[in-house]
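**Student:** Before I ask anything, let me first share the structure, which is written out below as structure tokens.
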Amino acid sequence: MLDVRRLRSEFDEVATALARRGDDLGPSLEQARQLDERQRELSARRDEVRGRINQLSKEVGALRRDGKLEDAEKLQAESRDLGEEEQALDAQASSAGDELRDLLLRIPNVPAADAPDGRDERDNVVLRVEDFDEGSYGEHQRVPHWEVGDALGILDLERGAKVSGSMFVMLRGGGATLSRGLCQLALDRNSDLYEEIRPPSLVLSRTLTATGQLPKFADDAYQIERDDLWAIPTAEVPLTSIGMDEILTEAELPRRFMAYSPCFRREAGSAGRDTRGLLRVHEFDKVELLAYATPEQAPAVLDEILGRAEALVRDLGLAHRVLDICTGDMGQSHHRSFDIEVYAPGVDQWLEVSSVSWFSDYQARRANIRYRPTGAKGAELVHTLNGSALAVPRIWAAIVETHRQPDGSVELPAVLHPYLRGLRRLGPPSGG
């Protein structure tokens, strides 16, 4: 959420920066500025009336002590009238404040000055491509993972849909072992700096609001209305709110967390796109990295998370590329963002497997996460950053397609061997 004080002192600068996103946010910003002015005006008038009421209370007491009861009654009548006015002003100020907050929750974050300009995903900048040679893939690798998975008995789409409906999948045998091994690999690789958390998979509305999923993406989330709970779309949601309403010390920063969790997404806005196999599913496993940092620490932490996510993809033997996300393709909460995509030869697509983002203080303002700079009396908002260390479905798909052998088996990357209970190759069910 934007700092409303910037709309008072830097309105033109904020409007210009947000215009880089390509949306017409001018009317919303102007409305927010007017609501802020109205709330402050109403609050000031309420406080004046409240002050007058307090003064009258003192005068009434003095008149009663002096035996001037008639004069005291007149002032009390005036005080009662002012009390009604004070209550009305307070209600109007609260209403304006609620309307302002709701509007600010819908206005996106200001992009970083060095984020590339652009209108949509076609304007994202490819920073680097590694280990990709389109002509090097054999015909045996040009088979989509859902066909490979079915032939090897490791991906059961039919029974996944039978149990839970379309876009839910069931991994079996070596496919399930591969999924679990990928998550354990990601956790072990980052345990040197990141504290492992096992967060709840259901969170309150306020928790989902803190990261920007609400109110904008309510239709893409699974809600349990009876209990005001939501199934998390990513572990970023509970990890961000670990420090909600707390004040950290500067010495504690940067503070790093990692978590494995199931993730749940309706994907309502993506109906009909990439719905085969594991490309877009309603439930999947993921290991998330998240950090709190000072503004000065944030750029280095962003590079750190990106480097760790890319190293995992590289060690899994997957061709990949890193994209610098343009202003028009950024998520609502993003200040700066990079994507890692892997090439899956069976579907002949680049698949996003990690989005590494810096949110500046946008999320922390919603969640009220602060730190006290060394030697300072006041507290400042932290900056939050996150990235997928490893998201299973598309990584799984790329491994199965990339490492498929001419005989139909799949050789598993050596880096995963310690996590697969001796499994080195995925073969047909009859062949183990």
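**Student:** Helix 69-106 sits at what angle to the longest principal axis of the chain, using alpha carbons and giving 0 to 90 degrees rounded to 10?
**Tutor:** Orientation of helix 69-106: about 20 degrees from the principal axis.
**Student:** Give me the distance between the Cα centres of the stretch 228-248 and the stretch 1-74, rounded to whole Å.
**Tutor:** Measuring centre to centre over Cα atoms gives 31 Å.
**Student:** Just the number please: accessible area per residue for the chain, 1.4 Å probe, all protein chains included, in Å². Mind dumping the intermediate values first?
**Tutor:** Values: 20180 Å² over 432 residues.
On a per-residue basis, the chain sits at 47 Å².
**Student:** List the lysines whose alpha-carbon lies under 29 Å from that of Lys162, not counting same-chain residues fewer than 8 positions away?
**Tutor:** The reachable lysines, counting only those whose Cα sits under 29 Å from Lys162, are Lys286.
**Student:** For the chain, take the longest principal axis of its alpha carbons; what is the angle in degrees between that and the long axis of helix 26-65, to the nearest 10 within 0 to 90?
**Tutor:** The helix 26-65 is inclined about 40 degrees to the chain.
**Student:** Among (i) 15; (ii) 22; (iii) 33, which one is percent of Cα pairs over 39 Å apart computed from these coordinates?
**Tutor:** So the calculated entry is the one marked (iii).
**Student:** Which order do the peptides 282-293, 416-427, 140-151 take when ranked by the mean count of other beta-carbon atoms within 10 Å per residue, highest first?
**Tutor:** So the peptides 282-293, 416-427, 140-151, ranked by packing, come out 282-293, 140-151, 416-427.
**Student:** How big is the charge dipole of the chain about its Cα centre, in debye rounded to the nearest 20, if each Lys and Arg gets +1 on its Cβ and each Asp and Glu gets -1 on its Cβ? It would help to have the intermediate numbers written out before the result.
**Tutor:** Working: 55 positive and 75 negative charges, 194 e Å.
Result for the chain is approximately 940 debye, rounded to the nearest 20.
**Student:** Computing the accessible area with a 1.4 Å probe over protein heavy atoms, can you report the carbon and sulfur percentage for the chain? Could the numbers behind the result be given before it?
**Tutor:** Working: 9130 of 20180 Å².
Of all accessible area on the chain, carbon and sulfur atoms account for 45 percent.
**Student:** Just to confirm the number: angle between the C-alpha axis of helix 298-315 and the first principal axis of the chain, 0 to 90 degrees, nearest 10?
**Tutor:** Result, in degrees: 20.
**Student:** Now a separate question. Express the relative contact order of the chain as a whole percentage, based on alpha carbon pairs under 8 Å and six or more residues apart in sequence. Don't skip to the answer; put the middle values down first.
**Tutor:** Details: 823 pairs, mean separation 85.9, N = 432.
Answer for the chain is 20 percent.
**Student:** Can you tell me the length gained on complete extension of the stretch Asp245 to Ala77, counting 0.36 nm per residue apart and subtracting the Cα distance?
**Tutor:** Numbers: separation 168, 0.36 × 168 = 60.48 nm, distance 4.22 nm.
Fully extending the segment from Asp245 to Ala77 adds 56.3 nm.
**Student:** While we're on this one: Note down the net charge around Pro254, summing +1 for each Lys or Arg and -1 for each Asp or Glu among other residues with Cβ under 11 Å from its Cβ. Intermediate values should be presented prior to the final figure.
**Tutor:** Details: positive: Arg255, Arg256; negative: Glu250, Glu252, Glu296, Glu304.
That works out to -2.
**Student:** Just name one of Ala291, Ser241, Tyr260: the one whose Cα is farthest towards the positive end of the charge dipole of the stretch 180-313 (beta-carbon charges, Lys/Arg +1, Asp/Glu -1).
**Tutor:** Among Ala291, Ser241, Tyr260, the one farthest towards the positive end of the dipole of the stretch 180-313 is Tyr260.
**Student:** For the stretch 12-106, what is the charge dipole size about the Cα centre, in debye to the nearest 20, if Lys and Arg each add +1 at the Cβ and Asp and Glu each add -1 at the Cβ?
**Tutor:** Values: 17 positive and 24 negative charges, 64 e Å.
Once rounded to the nearest 20, the dipole reads 300 debye.
**Student:** Now a separate question. Given the options Ser9, Ser166, Ala96, identify the residue whose Cα lies farthest towards the positive end of the charge dipole of the chain (+1 on Cβ of Lys, Arg; -1 on Cβ of Asp, Glu).
**Tutor:** Ser166
**Student:** Lys74: which lysines have alpha carbons under 28 Å from its alpha carbon, excluding same-chain residues fewer than 8 sequence positions away?
**Tutor:** Reachable lysines: Lys58.
**Student:** Just for the chain, what percent of DSSP beta bridges are antiparallel, to the closest 5? It would help to have the intermediate numbers written out before the result.
**Tutor:** Values: 51 of 58 bridges.
Of those bridges, close to 90 percent are antiparallel.
**Student:** How many angstrom lie between the Cα centre of the stretch 275-319 and the Cα centre of the stretch 113-132?
**Tutor:** One Cα centre to the other: 17 Å.
**Student:** Follow-up. On a 1.4 Å probe surface of the protein chains, which of Met170, Met1 comes out largest in accessible area, and what is the full order? Intermediate results must be reported in sequence, preceding the final value.
**Tutor:** Working: Met170 60, Met1 15 Å².
Ranking Met170, Met1 by accessible area, largest first, yields Met170, Met1.
**Student:** What distance in nm separates the two pseudo spin-label positions at Ala151 and Ser9, each 7 Å out from Cα along the beta-carbon direction?
**Tutor:** 6.5
**Student:** Next question. Between Leu248 and residues 5 or more places away or on another chain, which pairs have amide H atoms under 5 Å apart, with H built 1.01 Å from N, and which residues are they?
**Tutor:** Distant-sequence amide H within range of Leu248: Arg370, Tyr371, Arg372.
**Student:** Set the Förster distance to 30 Å, then compute FRET efficiency between Glu411 and Ser191 from the Cβ-Cβ distance, nearest 0.05. Don't jump to the answer; show the numbers that get you there.
**Tutor:** Values: r = 27 Å, r/R0 = 0.90.
Efficiency at R0 = 30 Å is approximately 0.65.
**Student:** Spelling out what I want: for every residue of the stretch 332-343, take phi, set θ = phi - 60°, compute 6.51 cos²θ - 1.76 cosθ + 1.60 (Karplus), and round to whole Hz; glycine and proline get x.
**Tutor:** Couplings: 4, 8, 7, 9, 7, 8, 10, 10, 10, 10, 10, 8 Hz.
The values are calculated or read from the model by the stated rules, or taken from the named source; none is laboratory data. Computed from a predicted structure; not experimentally measured. Counting neighbours? That spans all protein chains shown, and the Cβs are built from the backbone with ideal geometry, glycine included. Ligands, DNA and RNA are excluded from the accessible area calculation, which covers all protein heavy atoms including side chains. Shrake-Rupley method; radii C 1.70, N 1.55, O 1.52, S 1.80 Å.
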